[in-house]
Each structure stands twice: as structure tokens, then as C-alpha cells.
1. Can you pull out the residues in region 22-48 that are within 17 Å of I108 (Cα to Cα) and in a strand (DSSP E or B)?
2. Answer yes or no as to whether V89 is surrounded by fewer than 16 Cβ atoms within 10 Å (Cβ to Cβ) and of a type in the set (A, V, I, L, M).
3. If you check I148 against the conditions, is it farther than 17 Å from R47 by Cα and not in a loop (DSSP other than H, G, I, E, B)?
4. Please list, ordered by first then second residue, the pairs with beta carbon atoms under 9 Å, 6 or more apart or interchain, first in region 2-31 and within 14 Å of F154 (Cα to Cα) and in contact (Cβ under 8 Å) with a residue 60 or more places away in the chain, second surrounded by fewer than 11 Cβ atoms within 10 Å (Cβ to Cβ) and not aliphatic (A, V, I, L, M).
5. Report, by residue number, each residue of region 102-129 that is surrounded by fewer than 17 Cβ atoms within 10 Å (Cβ to Cβ) and part of a strand (DSSP E or B).
6. Could you check region 132-172 and list, in sequence order, the residues that are surrounded by fewer than 20 Cβ atoms within 10 Å (Cβ to Cβ), hydroxyl-bearing (S, T, Y) and under 19 Å from D25 (Cα atoms)?
Amino acid sequence: MAINLQKGQRIELGFTKMTIGLGWDPNDGVGYDFDLDASAIMIDGDRKLVSEEYFVFYNNLQSPDGALQHTGDDPSGKNSNGDDDESIVVDLEKVDSRVEEILFVVTIEDFERRKQNFGQVRNSYIRIIDNVTNQEIAKYELDEDFSIETGVEFGRLYKRGGSWKFEASGIGYRADLGFFLEKYYKGQIIK
């Protein structure tokens, strides 16, 4: 039986192979297609990106340690047919020892030109599927009204006391993918 998580709720994970599925449905009749992008940011104990290769998104589909594999971009949000729009396959046994936390964020591509935000998106969620049993373990449905936000941290996996836990975050930002990179990257970003 899957757990329906509330914002800020945490659960301990008793398994290591999982899929983090993210889904959403754009409201009908808002003009342009919605290109929402799921990304994972692997950060260290200082809350900084381990290295740029540990920023997993549509242009970098796999982390160097082989722990994260993005299944690919859905540029219109129409490929899912009620299922996950984008997924990231996780193997916690392969996670680089420097990684203390993995953030899962969703951003809206080209939101300024298209005049889009999460207030125009419904049925947004993040869920965890145990890849051994293919069972949904937990799901967090984003039920808040993010009327100006264009980037949302949906959830995070984090290490405490040698075991991995998951927290449903639901933190919205008026930001793009570059914002998250700047927030967690130690090096200089060239724009």
C-alpha cells in the first residue's frame, strides 16, 4: 500500500533500487505546449554539487557513478497518457560516497516567452517505485497553488545515519534550471 505523503513528511527507505517518477498535466487551452523538465542534483555535505556531471537532466542523462539514469525528455507533456511524464532511475548502492543528498526539481522551459507557471499545471506529483517489486511505495501530490512559480523542488533523497530517507519538499521558486545550477554549483557559470 503506497503512502500518500504530505509536504515536509519524511520516510525511511528499506530498498536501494527505485524509480523516481514525476508527472503533471498542463491545463487545456493555454496556448503553447508545456515543456516541464525533471532534473536531479547530487550534492555533498556542504550542500554543493559534487561536480557538474552530477547534475542529471535532459542534456546529461546519467551520473558518472551510474547511480542515476534519466529516462529522457518529454518536451510537450503529452507522452505520458496519465503515467509519469519523466522518470529518473536510482540505484543507491552506486551513489558516490561524497553525495549526501539528491534533489529532484521540475522547471518550465522557456516560461518567460510562453508566459507559463505552475499555476497552469495540475495533477503534479513525485512518486517512488520499488524497482524490485514494481510497487509504488510513496507519492507526494503537489496540491498548492504555485501561481507565479516556474521551478519546484518536489522532493529529496538524503542520507542520515548510513541509511537513505525521502522527504516531500514542495518548495516553489520563480526560477529556471540555471537558478538551481547556480544555487548548488561551486564553479563559475558562463552565460
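Laboratory data are not the source of any read-out in this text; all were calculated from the coordinates shown. Source: prediction; values computed, not measured. Neighbour counts run over all protein chains shown; Cβ positions are idealised from the backbone, glycine included.
1. L22, G23, W24, D25, P26, L36, D37, A38, S39, A40, I41
2. So V89 fails the test.
3. no
4. G21/D83; G23/G82; G23/D83
5. The answer is R122, N123.
6. Answer for region 132-172, where residues must be surrounded by fewer than 20 Cβ atoms within 10 Å (Cβ to Cβ), hydroxyl-bearing (S, T, Y) and under 19 Å from D25 (Cα atoms): just S147.
Residues are listed down the side, and each one gets a yes or a no for (1) over 14 Å from L36 (Cα atoms); (2) touching a residue at least 60 places away in the same chain (Cβ under 8 Å); (3) among the acidic types (D, E):
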| residue | (1), (2), (3) |
| --- | --- |
| F111 | no, yes, no |
| E149 | no, no, yes |
| W164 | yes, yes, no |
| I171 | yes, no, no |
